[in-house]
Amino acid sequence: MSFDIIRSGRAVLHVTNLEESRKFYDALGFIETESTDSEIYLRGLEEHNHHSLLLKKKDTPSVEVISYKVKSDEDLEFLASKLEQEGNQIRWMDKGEQKAVGKAFRYQDVSGLPVEFYAQMDSVERKLQQYHLYKGAKVQRIDHFNCMVSDVEQAHDYYIGKLGYACSEYTASEEDNIWATWLHRKPSVHDVAFMNGPGPRLHHIGFWLNDPMSLIHGCDVLASLGYGPNIERGPGRHGLSNAFFLYVRDPDGHRIELYNGDYFTGDPDFKPVRWDLNDPMRQTFWGHEAPDSWFDEAMEVLNVHTAEKVETKKAKLKKRKPTFVI
């Protein structure tokens with residue numbers, strides 16, 4: 001590969017009430033970098049980039065784009081040229097067109113997801129050792145995206161073969177159809193995961209926490225502020241990824257995962273872990289049953305050229321809800 005995708009970088013979400021969103025994300029422990037009457041820029045305590053989550057005030061909640069950081073502007077140019085040669089329509093965004101972000105481009109990936117690549121973002125002061133600012137779940141940094149797509153195997157093959165991602169873990173059926181896949185560029189379990197379902201939609205954005213107690217404290221803070229009903233699933237531990245998890249929904253229904261406990265995947269001889277679709281411990285190593293909303297609901301995404309919602313397609317594989325254990 002003559003380009004280097006570094007990691008998941010940021011997400012841009014449309015929300016209907018900025019003040020209600022601000023209160024919720026403040027309760028989780030995000031740092032507000034800056035804001036306007038129509039936008040809020042948020043980041044984790046560890047992050048030195050300007051933001052990892054941008055909230056834009058709009059009439060309807062949706063996902064504008066999910067973004068990945070590449071190593072340099074040369075990588076950006078090479079990747080865009082490659083994608084155009086493969087028949088993709090690229091939308092370039094010049095430096096200054098987006099607050100704090102350098103030159104970038106967007107396109108609709110093989111599944112129809114709105115994807116952005118950028119090389120440069122303004123630096124800001126890290127808050128890692130400013131412990132007096134730690135609150136809520138003490139969110140540290142963005143970790144990954146999880147996307148619901150109609151053809152997981154197609155997304156799996158595309159991201160590995162065309163974009164240079166590697167697979168850490170995957171779920172397969174008795175017929176060896178890939179049901180879900182966890183793919184990474186940084187040496188962790190994933191920067192993006194794809195799960196079977198009507199898509200393209202964004203299922204959740206995962207944010208890394210220091211330890212499990214940060215997650216538990218986040219639950220306490222959310223409940224004390226009246227956000228108990230926003231806790232959708234967890235706490236618990238996944239079999240896949242080994243992560244300690246909690247899923248919450250913001251005031252517009254955007255799903256956020258608070259996440260801790262995966263592992264290193266940087267060795268070149270690391271082999272992907274296969275999970276059988278019928279293994280009851282693959283999604284819930286321990287914990288309560290996930291509600292139907294976790295399997296059925298996800299965030300609608302926009303077309304990067306028209307800003308209209310992308311029409312979802314039926315899942316290629318038949319829906320199957322896994323067995324759970326307590």
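Please work out which residue is farthest from the chain's Cα centre (by Cα), limiting yourself to the range 1-28 and to residues that are outside any strand (DSSP E or B) and hydroxyl-bearing (Ser, Thr, Tyr).
Ranking the qualifying residues of the range 1-28, first place goes to Ser2.
Quick test of your reading of the structure: Val110 fulfils all but one of (1) more than 25 Å from Gly197 (Cα to Cα); (2) open to solvent by 30 Å² or more (accessible area, probe 1.4 Å). Name the failing condition by number.
(1)
Taking Lys135, is it in contact with a Gly (Cβ under 6 Å, 6 or more places away or on another chain), surrounded by fewer than 20 Cβ atoms within 10 Å (Cβ to Cβ) and either of a type outside the set (A, V, I, L, M, F, W, C) or closer than 19 Å to Lys186 by Cβ (or both)?
Yes, satisfied.
Could you go through the range 182-197 and let me know if any residue there is under 17 Å from His254 (Cβ atoms), touching a residue at least 40 places away in the same chain (Cβ under 8 Å), out of contact with any helix residue (DSSP H, G or I) (no Cβ under 8 Å at 6 or more places or on another chain) and in a strand (DSSP E or B).
yes
Just checking, how many residues over the range 44-78 are in contact with a His (Cβ under 6 Å, 6 or more places away or on another chain) and either of a type in the set (A, V, I, L, M) or open to solvent by less than 10 Å² (accessible area, probe 1.4 Å) (or both)?
Count: 1.
Could you check, for the range 145-161, whether at least one of its residues is touching a helix residue (DSSP H, G or I) at 6+ places or on another chain (Cβ under 9 Å), at pLDDT 95 or above and not β-branched (Val, Ile, Thr)?
Yes, there is a match, as at least one residue in the range 145-161 is touching a helix residue (DSSP H, G or I) at 6+ places or on another chain (Cβ under 9 Å), at pLDDT 95 or above and not β-branched (Val, Ile, Thr).
Rundown of residues vs (1) over 23 Å from Glu297 (Cα atoms); (2) hydrophobic (A, V, I, L, M, F, W, C); (3) touching a Leu at 6+ places or on another chain (Cβ under 8 Å), yes/no style:
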| site | (1), (2), (3) |
| --- | --- |
| Cys147 | no, yes, yes |
| Gln154 | no, no, no |
| Asp176 | yes, no, no |
| Leu209 | yes, yes, yes |
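For the range 174-187, give me each residue that is out of contact with any His (no Cβ under 8 Å at 6 or more places or on another chain) and either of a type in the set (Asp, Glu) or open to solvent by less than 60 Å² (accessible area, probe 1.4 Å) (or both).
Glu174, Glu175, Asp176, Asn177, Trp179, Ala180, Lys186
Could you run through the range 138-159 and say how many residues are assigned to a helix (DSSP H, G or I), surrounded by 19 or more Cβ atoms within 10 Å (Cβ to Cβ) and among the hydroxyl-bearing types (Ser, Thr, Tyr)?
Here the count works out to 1.
Can you give me the number of residues within the range 118-132 that are more than 9 Å from Leu45 (Cα to Cα), open to solvent by 60 Å² or more (accessible area, probe 1.4 Å) and either under 22 Å from the mean Cα position of the chain (by Cα) or among the small types (Gly, Ala, Ser) (or both)?
3
Considering only the range 29-116, give the strands (runs of 3 or more DSSP E) lying wholly within it that have at least 1 residues that are without any contact (Cβ under 8 Å) to a residue 24 or more places away in the chain.
Of the strands (runs of 3 or more DSSP E) lying wholly inside the range 29-116, those with at least 1 residues that are without any contact (Cβ under 8 Å) to a residue 24 or more places away in the chain span 31-35, 39-43, 91-93.
Need pairs with beta-carbon distance below 7 Å; first residue assigned to a loop (DSSP other than H, G, I, E, B) and open to solvent by less than 10 Å² (accessible area, probe 1.4 Å) and within the range 160-173, second at pLDDT below 95 and not polar (S, T, N, Q); sequence gap 6+ or separate chains.
Ser173/Trp179; Ser173/Leu277
List pairs: first in the range 222-245 and among the small types (Gly, Ala, Ser), second assigned to a helix (DSSP H, G or I), Cβ under 7 Å, 6+ apart or cross-chain?
Pairs that qualify, where the first residue is among the small types (Gly, Ala, Ser) and the partner is assigned to a helix (DSSP H, G or I), are Gly228/Leu222.
Can you name every residue in the range 12-30 that is over 18 Å from Pro229 (Cα atoms) and open to solvent by 20 Å² or more (accessible area, probe 1.4 Å)?
Thr16, Asn17, Glu19 - these are the residues of the range 12-30 that are over 18 Å from Pro229 (Cα atoms) and open to solvent by 20 Å² or more (accessible area, probe 1.4 Å).
The values are calculated or read from the model by the stated rules, or taken from the named source; none is laboratory data. Given the structure is predicted, the values throughout are model-derived calculations rather than measurements. Quick reminder, even Gly has a Cβ in these numbers, built from the backbone with ideal geometry, and neighbours come from all protein chains shown. The area values use the complete protein model at the heavy-atom level, side chains included, leaving out ligands, DNA and RNA. Shrake-Rupley method; radii C 1.70, N 1.55, O 1.52, S 1.80 Å.
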